[in-house]
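Working notes, structure below.
The values are calculated or read from the model by the stated rules, or taken from the named source; none is laboratory data. Remember, predicted model here, so these are calculated numbers, not experimental data. For neighbour counting, all protein chains shown are included, and Cβ atoms are generated from backbone atoms with ideal geometry for every residue, glycine included.
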Amino acid sequence: PQPEAERIAMFGTTLAIALGGIVASRQLHADLLHSVLHSPVSFFEVTPSGNLLNRFSREMDAIDCMIPDGLKMMLGYLFKLLEVCIILLLATPFTGLWFSVRWLAVNLEFLGNLLVLAAAILSVQGRDELSPGIVGLAVSHSLQVTGILSWIVRSWTDVENNIVSVERVKEYDNTPKEVGCFLPAAWPTTGNIQFEDYGLQYRKGLDWALNDINIDIQDREKVGIVGRTGAGKSSLALGIFRILEAAKGRIFIDGIDIAQIGLHDLRSRITIIPQDPVLFSGSLRMNLDPFDTCSEADLWKALELAHLSSFVSALPQKLDHECCEGGENLSLGQRQLLCLARALLRKTRILVLDEATAAVDLKTDQLIQSTIRSQFGDCTVLTIAHRLNTIMDYSRVIVMDRGCISEMDSPSQLLRQQTHFYQMCIEAGLV
């Protein structure tokens, strides 16, 4: 049976490694999660999703299990080796000299055999002073050295191999992170947006997606953004939401440089109705109000304004109706109207429509446009237009061409100039 002191020491070692491993693992996981969640979208565009899954699964499993087990085994055999060394030093004092001189000069097998030989020779030389019991103890323990050294090397190799997981997890600490500053709760109080010498690139070294953009959009102004495919219309929306970070210049909203605002704060204060409506697996209620901040009456009012109340009322479970992943059990028009209802519930000072009606029929388009005009009158509205007739009554139209602003004025003035916008209106049959 093991002595009481040895059992206590073994328990203390196991407990210390377990607690230390838990603390280290939790801290590394928290740092990894914080680093990934605060990385810009460009990081996810260049980082394969498999790499991220590997960091959170295999690498964390190695940190949770393999490294503590390896350390426990290695420390156990190191203490066992220390025990053997102490016994040999006490029984045959000169054995320690052999052990230290030969440590780096010979392989493990030879070292172990050499230690046994040394213990045996010194025991014979000191047979007059040593008792048979001490000699037997020294020789029997020296026979264990070869196996102990082999296990120490093996466990150390396992730890060294798995410690790479820590390096891989810590690697993401060096990725660019979003910044943040204090924002008033009511920001933005006005919908003023300013672009100053703004430039955008999808990748460093590529051509400019946007270049030398200078715009001053006033509060409550309705601005249409038009242009050919690839002209840079959607890139403006990407810049406002900081899906891509500015390559040069700045964007100000309410006088605050958005590059200094945390992404969550920025995106939670601006509303977008995208071209591809986004719904999640869950109830209609969850899709309309994911954070459960609106009352039942508000939800039904938003559905009524989005011309969906009759459809939802006819459903057996009404607001608790389950949506499939991506909203596949709803039509495209219904999904787009649900996105409109969601925007109505948020009612921020700035609304961006990224070709929100490009994939719906003309009737649904008219419903969306009429609701936007009546319910977002106090908001600044930026519309990336697919159908030119939807922006003909806007205060200004920005015509994009090859990442630059080619024209910017009221629709009536642009028609009188008979340039790019005029040609687009002719092609659309509006002139």
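Overview of values
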| item | result |
| --- | --- |
| Every residue from segment 1-50 that is over 18 Å from Pro68 (Cα atoms), more than 12 Å from the chain's Cα centre (by Cα) and of a type in the set (S, T, N, Q) | Gln2 |
| From Leu244, Leu319, Leu303, residue being crowded, with 17+ Cβ neighbours inside 10 Å and either touching a Cys at 6+ places or on another chain (Cβ under 6 Å) or within 30 Å of Ala428 (Cβ to Cβ) (or both) | Leu244 |
| Set Gly249, Gly230: member being crowded, with 18+ Cβ neighbours inside 10 Å and among the small types (Gly, Ala, Ser) | Gly249 |
| Evaluation of Gly262 against (1) modelled with pLDDT under 85; (2) farther than 22 Å from Pro176 by Cα (one fails), failing number | (2) |
| Scan of segment 29-78 for residues that are among the hydrophobic types (A, V, I, L, M, F, W, C) and either closer than 25 Å to Arg154 by Cβ or not assigned by TED's automatic domain parsing to the domain that holds Val164 (or both), ordered by number | Met60, Ala62, Ile63, Cys65, Met66, Ile67, Leu71, Met73, Met74, Leu75, Leu78 |
| Any chance Ala297 is without any contact (Cβ under 8 Å) to a residue 60 or more places away in the chain, in the same structural domain as Arg342 (by TED's automatic domain parsing), among the aliphatic types (A, V, I, L, M) and surrounded by fewer than 16 Cβ atoms within 10 Å (Cβ to Cβ) | yes |
| The lone exception for Phe291 - which of (1) modelled with pLDDT under 85; (2) among the aromatic types (Phe, Trp, Tyr); (3) farther than 28 Å from Phe44 by Cβ it fails | (3) |
| Residue within segment 354-372 that is closer than 26 Å to Gln218 by Cβ, modelled with pLDDT of 80 or more, assigned to a helix (DSSP H, G or I) and of a type in the set (A, V, I, L, M) present | yes |
| Arg242 touching a strand residue (DSSP E or B) at 6+ places or on another chain (Cβ under 7 Å) and on the phi > 0 side of the Ramachandran plot | no |
| Qualifying position, being closer than 22 Å to Asp378 by Cβ and among the acidic types (Asp, Glu), among Asp298, Asp320, Asp365 | Asp298 |
| From Thr348, Thr364, Thr380, Thr390, residue being farther than 22 Å from Ile251 by Cβ and within 36 Å of the chain's Cα centre (by Cα) | Thr364 |
| Looking only at segment 164-176, and only at residues there that are surrounded by fewer than 16 Cβ atoms within 10 Å (Cβ to Cβ) and among the β-branched types (Val, Ile, Thr), the one that is modelled with the highest pLDDT | Val164 |
| Residue list for segment 184-201, filter: surrounded by fewer than 19 Cβ atoms within 10 Å (Cβ to Cβ) and farther than 17 Å from Asp401 by Cα | Pro184, Ala185, Ala186, Trp187, Thr189, Thr190, Gln194, Glu196 |
